[in-house]
Amino acid sequence: MDVLVAGLFTLFICCQNEFKVQRPKLYYFVLYVLPFFAFLSYISFLLMAVVLYNLALESYRQRSFLAHAAGYALLCTGIFIVSYVIDMRFTPREVYSLQGHGGYFIYYDSVETFFSTTIEGINNLFSRWYAESPKVLRKIARFFAVFGLIQMCVIFFKSWKAENFQVRSVNTLGFVLFIEQLLLAIMHKYPLGQPRTSLFFAPFVFYFTVQGISALAKFHKNAYRGVMAIFVIFLLFVSAGLARNVFILGDLGAQSSIWK
């Protein structure tokens, strides 16, 4: 449900301007229906904030949208209150927080702790969804994740200005979702890099990783071809391992172990 809801919101955000012009009635219907998906996935709140930001910026430039921005803000607030009362307040924070600093939050007891837990969280967010074990696969995935992380940061600042400081493409949305997760992990409100809750971000990671590796072509075509070939082989190996788990072993568990 997290992946599905994130996909629906992403489609709406990326097509909102054209959608609003071509099908205005349907646009506003979808605009006010999407927040109710928060009862199916917490991810909705991260994306609702992005939609609200776009509406607020649009209402600042064009006063006629102010009523929609205010109405959307009230709707989101109401849904958050209801969700908290009937659901979120019953989820103990300890579920994602192990003894010491071994959980999925960012700790700031010291500078060393802050950086170590942040790096570990980002590593999990960008590489753990490929495969849980063996550990060597996660190390290989981290090599490719560097390309995705750099690309995500670089492309955001180029695209944000081009999009008139709105968030209306994967290039800008991915970075915003990344920052939202970091901030919530620092506040100990949402786990960073926990496989189950961060799976919705995997398509963004894959997108930025492919874009980042492709950017190597600007500097050295042979380096690009080599890294991309290794990445494709890695993906085929992981995919074959996961297919074996599902279709042969019948393992549908969340822990994606290629072999044990």
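The values are calculated or read from the model by the stated rules, or taken from the named source; none is laboratory data. Owing to the predicted nature of the structure, the values given are computational and were not obtained by experimental measurement. No Cβ is skipped: glycine too gets one built from the backbone with ideal geometry, and neighbour counts run over all protein chains shown.
Checking the structure you have, find out if any residue of region 36-52 is aromatic (Phe, Trp, Tyr), over 20 Å from Pro203 (Cβ atoms) and modelled with pLDDT of 95 or more. The answer is yes, given that some residue of region 36-52 is aromatic (Phe, Trp, Tyr), over 20 Å from Pro203 (Cβ atoms) and modelled with pLDDT of 95 or more.
Candidates in region 87-128 are the residues that are among the aromatic types (Phe, Trp, Tyr) and not in a helix (DSSP H, G or I); of these, the one that is modelled with the lowest pLDDT is Tyr104. Residues that are assigned to a helix (DSSP H, G or I) and among the small types (Gly, Ala, Ser) were ranked within region 160-195; the one that is nearest to Gly121 (Cα to Cα) is Ala185.
Looking only at region 218-234, residues that are surrounded by fewer than 14 Cβ atoms within 10 Å (Cβ to Cβ) and either of a type outside the set (S, T, N, Q) or closer than 18 Å to Ile140 by Cβ (or both) come to 10 in all. Filter region 157-182 for residues that are under 24 Å from Thr117 (Cα atoms) and without any contact (Cβ under 8 Å) to a residue 24 or more places away in the chain and give the result. Answer for region 157-182, where residues must be under 24 Å from Thr117 (Cα atoms) and without any contact (Cβ under 8 Å) to a residue 24 or more places away in the chain: Phe175, Ile179.
Might you check whether a residue that is within 14 Å of the chain's Cα centre (by Cα) and either modelled with pLDDT under 90 or in a helix (DSSP H, G or I) (or both) occurs anywhere in region 130-144? Checking region 130-144: not a single residue is within 14 Å of the chain's Cα centre (by Cα) and either modelled with pLDDT under 90 or in a helix (DSSP H, G or I) (or both). State whether one or more residues within region 125-132 are more than 28 Å from Phe90 (Cα to Cα), out of contact with any Ser or Thr (no Cβ under 9 Å at 6 or more places or on another chain) and either buried (at least 18 other Cβ atoms within 10 Å of the Cβ) or not polar (S, T, N, Q) (or both). So far as region 125-132 goes, yes, one or more of its residues are more than 28 Å from Phe90 (Cα to Cα), out of contact with any Ser or Thr (no Cβ under 9 Å at 6 or more places or on another chain) and either buried (at least 18 other Cβ atoms within 10 Å of the Cβ) or not polar (S, T, N, Q) (or both).
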